[in-house]
Structure formats: structure tokens, C-alpha cells
Amino acid sequence: MEEIDIAVIGGGPAGLTAALYAARARAKTVVFESAMPGGQIVTTDWVENYPGFPEGISGAEIGDLMLRQAERFGAEFRTFAEVESIEPEGLDFVVTADGQAHLAKIVILATGAVPKKLGVPGEAEYTGRGVSWCATCDGALFRDKVVAVIGGGDAAVEEAMFLTKFARKVHLIHRRDELRATKCIQEQCFANEKIEVRWSRVVTAVRGEEGRVVGIDLAATNGEPDEHLPLDGIFEFVGVDAKSSLVAELCDLDEAGFVKVDVNGLTSYPGIYAAGDVTSGDLKQVVTAAAQGASAAFEALRYLDQRLCSI
Ligand code: NAP
């Protein structure tokens, strides 16, 4: 069985920063990533609030730069390797990925989060046929078309603006009469002539014909009449769910399923640290993910040293 000092599960900004710190401290560090490294941020067109890039930087480029930096210090990557289980073995952990077991002294969980679904009729049927969770991936398919973005947070508003590069019109549909997104993002949104905000509306069904989305049904939350909105595509940004199932039996989770950690990234289970969007905490940004990854690795290395000294 391969022996590892620090197994990092997840290759987004939190995992890549944890790997950078751990590998730079000469710990044998292996990152398990079920897809390509980079995480959710690579599906973001443009990031304006990661310090050091005054003009902004593309999400894909941040992911690539972080990967190259971790690799430069010797972090190893098992890409397209799905971790199936993490089982305690004495003070260590057996991390099984694609049927292969690895013995790790420390686990840093940086599995991130996945976009929530609305769960309305027609959503599953028309997924990939007009229903999407990734504007960067699918936006270009909607050149000169009409689309709707659902949600009122940073993701919805930013992605609505990105979609105006392609779409003729973007309806931003929010269930309340006030957006949750950061004020400066809201200002850019309101100034964009292609975006029409439809306040106080929830989607009740996705409608399609001949295998493609043709519209959505909207119910008003302010007493106005319900309506049908004809369109070509719908992009959902209604928050995220934590990918915490690997440690659900081992670590304490909050009521929404995010992993509880202390200020240093330690979970309730000794030897398991967590960082980034999988953890509880309001601010889910690249900068916080990177900072949490660094803290988790720093604490993990300290714990590892203590273990080795006590042998
Ligand atoms: P979010 O901040 O949780 O916002 C989710 C939005 O979806 C809210 O406006 C919410 O409405 C709405 N919503 C939730 N469930 C809904 C439903 N069933 N039907 C209709 N609307 C629903 O999620 P997010 O925008 O995906 O962002 C996640 C995290 O990433 C946040 O911490 C965010 O700040 C961060 N992020 C940051 C940036 C950036 O800094 N540039 C970019 C993207 C994401 P209510 O407002 O009524 O609750």
C-alpha cells in the first residue's frame, strides 16, 4: 500500500494551497482529484477580488497557476481519481481511490461544494438541453438567444453579466425584491442593458418541446399573477451543497452538511483537516479557500511533527 504523509482530497484553491504548503515543507503530499485540478473556480469567467491581480484574472488561469505552483514544490497528483472512502487505521487513514488503497498520516478534505438544483418538473429532463449550472461551459451555445439566470447571490449576478456576452437578453429571476450579491456586482448588473431583473419570482417548472427548453413557469411571491416566460436556456445559481459525504460518519457537520472546523482547519476527528467551500462559514471565496488550505496544511504539519517526535 502506498504510504503518504498528507492526502489532500480535492484539487480546488483550498486543496492546491494546502498541497503547496505541505509539499514545500517536504511532506509527501498527494492530491486526489476526481476531475481536472482547479475546482469550481475554473468555471468562473473572471475573478475581480483575488488580491494581486488589479485587472482581475480568469478563473481557469488562477486554477492553472495554483496547480503549477503546488507541482513545482513536489506535490503529486492523482487526477480523475475518485476517493471512495476514508477509514481510520490506528492514527493513520486508509484512503481508497478507484479501488486502490493508500495509507495517509493526515487527511485534508478540500472537496468543495456542488451547485444546488431547483428540483422542479422538467429540470432533470432538460439538463444539458437548455438547463445548465455553468455559464462558462455553456454560455456560447446561447448566442443571440434569450436565457434566464435563477438566483440573487454573487454567482447568479456575475454569471448573468457573463452571459450577456452571448445572449440577446438575460432575465435574472430572484425570489425576493432585493439581491444578496455584493453591492458593486449589483451596480454593474443594474447598468447592463441586456439584463432584466424579474423580482419576487420562483421557477415552478421548466417547459420544453422537441427535446429543448422553450420556457419556464414562474410563480410570484408578492401576490402578482403567475406567468410563463418563453426562453431558450436556464442557468441555475441558487447556492451550493457541501461535498462532505466522505467524512459524514467521522466528523461533525453543521445542519446544512458543511464540515465544522476550528480556526486552524481541524475537524472533530484528530488527523482530519478541512478547508475551503466544504467547511461551514459564510465567506466562500478563492481567497478564503486558499487561506484555509494554508492553515490546514500548517496545522497538519505541526501535528505530524508532534506524532513523529513522540515515537
Ligand atoms: P448564495 O450566496 O447562497 O446565493 C444563493 C441565491 O439563490 C440567493 O439569492 C438565494 O435567495 C437564491 N436561492 C436559494 N435557493 C433558491 C431556490 N430554491 N429558488 C430560488 N432562489 C433560490 O450562493 P452563490 O451565489 O452560489 O454563492 C455561494 C458562495 O460563493 C457565496 O459565499 C458567495 O459569496 C461566493 N461567491 C463569490 C463570488 C465572488 O466573490 N466574486 C462569486 C461567486 C460566488 P435568497 O437571497 O432569497 O436567500
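The values are calculated or read from the model by the stated rules, or taken from the named source; none is laboratory data. Keep in mind that this is a model prediction, so the values were computed, not measured. Note that each Cβ is placed from the backbone with ideal geometry, even for glycine, and that neighbours are counted across all protein chains shown.
Restricting the stretch 163-189 to residues that are under 19 Å from Asp45 (Cβ atoms) and assigned to a helix (DSSP H, G or I), the residue that is nearest to the ligand (Cβ to nearest atom) is Ile185. Just to verify a result, which residue in the stretch 268-311, among those that are away from the ligand (no atom under 13 Å from the Cβ), assigned to a loop (DSSP other than H, G, I, E, B) and not small (Gly, Ala, Ser), is modelled with the lowest pLDDT? Only one residue fits best here, namely Ile311.
Of the listed requirements (1) surrounded by fewer than 19 Cβ atoms within 10 Å (Cβ to Cβ); (2) over 20 Å from Ala219 (Cβ atoms), Gly119 misses just one: (2). Within this structure, Ala148 fails the test of being within 12 Å of the ligand (Cβ to nearest atom), at pLDDT below 95 and at negative phi.
Does Val170 qualify as being touching a Ser or Thr at 6+ places or on another chain (Cβ under 7 Å), surrounded by 23 or more Cβ atoms within 10 Å (Cβ to Cβ) and either free of Cβ contacts under 8 Å to residues at least 40 places away in the same chain or over 13 Å from Phe235 (Cα atoms) (or both)? The answer is yes for Val170.
With the structure loaded, tell me whether Ile234 is more than 23 Å from Gln40 (Cα to Cα) and crowded, with 20+ Cβ neighbours inside 10 Å or whether it fails that test. Walk me through how you get there before you give the answer.
Details: more than 23 Å from Gln40 (Cα to Cα): no; crowded, with 20+ Cβ neighbours inside 10 Å: yes.
No, not satisfied.
Strands (runs of 3 or more DSSP E) fully within the stretch 22-123 that include at least 1 residues being within 16 Å of the ligand (Cβ to nearest atom), within 29 Å of Asp154 (Cβ to Cβ) and at pLDDT below 95: 113-115.
Residues are listed down the side, and each one gets a yes or a no for (1) surrounded by 15 or more Cβ atoms within 10 Å (Cβ to Cβ); (2) without any contact (Cβ under 8 Å) to a residue 60 or more places away in the chain:
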| position | (1), (2) |
| --- | --- |
| Val202 | yes, yes |
| Ala205 | yes, no |
| Gly208 | yes, no |
| Val213 | yes, no |
| Gly223 | no, yes |
| His228 | no, yes |
| Gly239 | yes, no |
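Only one entry of Gly130, Gly152 meets the criterion of being buried (at least 19 other Cβ atoms within 10 Å of the Cβ), touching a residue at least 12 places away in the same chain (Cβ under 8 Å), farther than 28 Å from Val286 by Cα and not assigned by TED's automatic domain parsing to the domain that holds Gly38, and that entry is Gly130.
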